[in-house]
Structures are given as structure tokens and as C-alpha cells.
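Working notes, structure below.
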Amino acid sequence: MKSGNNFMVKLTSTNYSIWRPMMEDLLYCNDLFDPIDVDKTKKDDMPTKPEKMTDKEWEKLKRKTLGTIRQWIDISIFNHVSQETEPLELWRKLEGLYERKTAHNKASLIKRLVSLKLKLGKSVSEHLSDFQDIINKLTVMKIVFDDELQALFLLSSLPDSWETLIVSISNSAPDGVLSLDVIKESMFNEELRRKEMGVDISQTLVVENRGRSKSRGPKGRGKSKYRSKSKDGREPTICHYCSKPGHIQKFCYKMKRDQQKKKNDHHKEGDDKNTMATASTSDDGVSLVCTAGDCCHVDNSDSEWFVDTGASYHCVPHKEYFIDYRAGDFGSVKMGSQSSASIVGIGDIRVQTSVGCYMTLRDVRHIPDLRLNLLSANVLDQEGYKHTFGEGKWKLSKGSLTVARGKLCCTLYKTLESVY
């Protein structure tokens with residue numbers, strides 16, 4: 001019984017689907033499977049003694065099989081089978097405990113499969129193991145999904161940050177039919193690419209959804225529907241600007257209206273002609289503004305963005321914008337010809353454009369000493385996005401999809417993008 005023991009795990013209340021095939025292999029490798037080898041379609045069927053084996057040898061073999069199975073049962077559930085003297089009865093009792101084909105168990109597994117997501121920090125291998133565990137349990141319950149349906153479930157388990165891969169796989173599927181093996185291979189390749197690139201992985205801008213925000217009214221000025229409690233059950237937040245609950249200062253519409261009024265009273269046209277873009281504040285939130293030259297539309301720098309053709313990546317000074325954040329020492333960037341600023345974190349920021357597209361800016365650099373929010377035009381170009389300027393209008397598109405629109409305001413091409 002030495003063969004395979006080093007790779008065997010004990011049976012617990014949660015790992016039966018893994019433990020069973022491993023135990024079957026262990027019994028096979030040690031010639032101990034005969035005492036439980038019966039026709040599964042016949043409930044009263046009993047194992048057949050080999051012709052050349054005596055009754056005493058058969059009883060000894062059954063006892064060795066029984067002892068081997070018990071050896072790999074955790075103490076927490078050992079009492080359930082401690083009185084069994086026949087290996088087949090022990091085996092069937094374990095099946096009855098952990099393979100109950102009730103409607104509730106089936107519904108619970110389906111719910112787990114649908115809600116399964118690749119979590120931050122979890123490897124693709126671990127995620128695929130969790131996915132296959134659910135599939136195996138459903139198969140035991142006679143719920144079998146074909147290859148394409150499994151592929152669809154697995155693809156839907158990927159997070160928003162993998163949207164580019166999802167779109168690529170979906171568009172390249174022959175006749176629209178996905179392959180489970182292709183998706184698994186693509187996931188491993190993507191994980192390897194991200195590990196090799198590290199923090200310098202190419203930034204992505206992902207279109208996650210298209211349509212108007214549910215929080216907006218018919219005229220786009222509905223009240224925000226932020227949750228009264230955070231996901232961890234904390235008490236409602238209080239805005240430090242208007243003192244009302246349910247939102248933080250960054251999302252305060254009163255503050256934004258006041259800032260917009262102040263901004264309209266202080267518009268100034270600059271002289272420098274550096275190509276960039278910024279985001280101004282309106283009732284709809286933080287607004288993306290593309291510029292054909294420098295401008296003084298930066299009275300509220302905390303909520304404005306500049307699209308910079310010279311930037312290698314997106315940068316912001318505001319940590320509160322991030323929906324996913326990783327702190328650390330990631331080097332520095334030059335500020336003008338002499339000074340520099342440290343990069344203290346990297347993360348993701350989500351926005352919604354004026355045309356209803358939900359977008360995620362990936363791997364944005366957090367630079368506290370930076371005065372402006374910079375949106376890298378180079379990153380957009382590398383991701384296949386196209387900027388179109390002309391006749392006082394601006395458009396950001398990818399293929400036939402229009403991601404954002406804007407119009408010329410003073411020296412600025414302006415469009416609305418709310419931080420989501």
C-alpha cells in the first residue's frame with residue numbers, strides 16, 4: 001500500500017468528489033478493489049470472489065480493503081462508518097452521505113457554478129480546479145453539460161479585467177462555437193503573459209457594457225443610487241461637503257454644480273499647444289475632455305483629466321478613484337525638465353462615457369505629487385482605439401463601436417465620463 005499513499009488525501013465533509021477517484025486509484029494499484037467492484041445498477045449486487053481465492057483469503061482481502069478506506073477518512077466523520085464491517089457497505093454509505101441527488105443539492109451546485117468568479121490573487125490552475133470540482137459533482141448527479149456549455153460557463157467566470165481576452169476568444173470561435181480546451185489554454189497563456197510583464201503589463205481600456213446608467217433619469221439627471229451600506233456592512237458614509245448620507249464627497253452633485261459654476265466664471269484660454277485631454281465636472285460626474293492645446297480649464301483639478309500623447313500610462317493623484325489598488329514602490333516619473341514624482345501604487349479606475357459605455361482603465365499609476373489626471377493616448381492607440389478630431393467634434397472608437405463622443409469647447413474637445 002505504499003504506492004500512491006504520498007498523494008492521497010483524507011476524506012472530509014467537503015472533498016468527496018476529489019477523494020473518491022483518488023481512493024479508487026489507490027485500491028486498484030494495491031489490488032484491493034475487488035471487494036467493492038460491483039454493478040452499480042444493481043443495488044443488492046455483491047462482489048464476486050475470485051475463483052482461485054479461498055474463503056479465508058477473500059475475507060482477509062475484504063478486511064484490508066476496509067482498513068485502507070478507513071485509513072483515509074478524517075476523524076470528524078469517522079464515527080459515521082466506524083461500525084461497518086463490509087467494505088462495500090462502507091463504500092455505499094459514503095456514497096449515500098455525499099452523493100445525495102436531491103433537488104436542493106442540484107440547485108446549490110448550479111448556483112455555485114453560475115456565481116463562480118476568478119478572484120484577484122487566485123491562480124488559473126486553482127480556479128480551473130474549483131470549476132471542474134463543481135462540474136464533477138453535477139455529473140455524479142446526472143447533470144451533464146456538453147463541451148460548449150462548459151466553455152460558456154468558464155468564460156463567464158472571468159472578471160472584467162479579462163474582458164479583452166473574452167472578446168478575443170468569442171470573436172475567434174469558429175461558427176460561434178467555443179471550445180473548453182481553447183479557453184483553458186488561453187487562460188494559462190494570459191496568466192503567463194501577465195506574470196512576465198509584471199507591473200509594466202500593457203494598460204487596457206475595457207468596454208464592459210453599453211447602455212444608459214440605471215441611476216440616471218429620463219434626462220440623465222436622476223439621483224444617484226449608491227448603496228446605504230458598503231459591502232462589508234459598515235454604516236452609511238456621510239458627504240463632507242453637503243453633510244448628506246449615502247455618498248462621499250467625490251460623488252457629491254452639489255459640490256460638482258458649485259464647481260461647474262465657478263469654472264464657467266473663470267475660463268481662460270492658454271497659449272501652449274501641447275496635445276492632451278482633460279475631464280471636467282458636471283452633474284453627471286467626472287468628464288473626459290480632449291484638448292488640442294493647453295487650456296486653463298483646470299479650476300477643479302481633482303476631477304479633471306488630460307489625455308497626454310506623451311504619457312506611457314494613465315496617471316492620477318487621487319487614491320479614492322481606484323476600485324482595485326496595489327500599493328508599493330513602482331519608480332518615479334519626470335515632472336518637467338528637473339523635478340520628478342514617485343509612483344506609490346497601481347490599480348484600476350472605472351468610468352461611464354456619455355454614450356453609455358462602461359470602461360475600465362487598467363494599471364493606472366497613483367502619483368500623489370501629480371497635479372492633474374493623465375489619460376495616455378498611447379495606451380489607447382496600443383489597444384486599437386482611434387481618435388477622430390474634426391469640425392469641432394471628437395470621437396473615440398474601436399472598430400465600429402463608438403466608445404465616447406465630445407465637442408469643442410474653447411480649445412477643448414469635451415465629453416462626459418462619470419467615475420463609476
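Values in this text are rule-based calculations from the coordinates and carry no lab data. Quick caveat: nothing in here was measured; it's all calculated off a predicted structure. Cβ: placed from backbone, ideal geometry, glycine included. Neighbour counts: every protein chain shown.
Cβ crowding within 10 Å, taken as a proxy for footprinting-reagent exposure, orders Asp381, Asp146, Asp258 from fewest neighbours to most as Asp146, Asp381, Asp258. Neighbour counting of Cβ atoms within 10 Å sorts the residues His240, His80, fewest neighbours leading, into His240, His80.
Find the percent of Cα-Cα distances in segment 7-142 that exceed 25 Å, and round it to a whole number.
Working: 3323 of 9180 pairs.
The share of Cα pairs beyond 25 Å in segment 7-142 comes to 36 percent.
Computed from phi, the 3J(HN,Hα) profile of segment 11-23 under the Karplus parametrisation 6.51, -1.76, 1.60 (θ = phi - 60°) reads 6, 10, 6, 10, 10, 4, 5, 8, 5, 4, x, 5, 5 Hz, with x in place of Gly and Pro.
Of Tyr98, Thr48, Gln83, which is farthest along the charge dipole of segment 15-99 in the positive direction, counting Lys and Arg as +1 and Asp and Glu as -1 at C-beta? The residue sitting most towards the positive pole is Gln83.
Close amide H partners of Cys252, meaning residues 5 or more places away or on another chain with modelled amide H under 5 Å apart, do not exist here.
Close amide H contacts of Asp324 (hydrogens built in the peptide plane, cut-off under 5 Å, sequence separation of 5 or more or a different chain): Asp348.
Counting other C-beta atoms within 10 Å, which of Leu149, Leu94 has the fewest, and how do the rest follow?
Values: Leu149 12, Leu94 21.
Least to most surrounded, the residues fall as Leu149, Leu94.
The magnitude of the dipole of segment 103-197, with charges of +1 and -1 set on the Cβ of Lys/Arg and Asp/Glu and taken from the Cα centre, is near 540 debye. Computed 3J(HN,Hα) for segment 118-130, one whole-Hz value per residue from the Karplus formula 6.51 cos²θ - 1.76 cosθ + 1.60 where θ = phi - 60°, is 6, 8, 4, x, 9, 6, 4, 4, 5, 5, 5, 5, 4, glycine and proline marked x.
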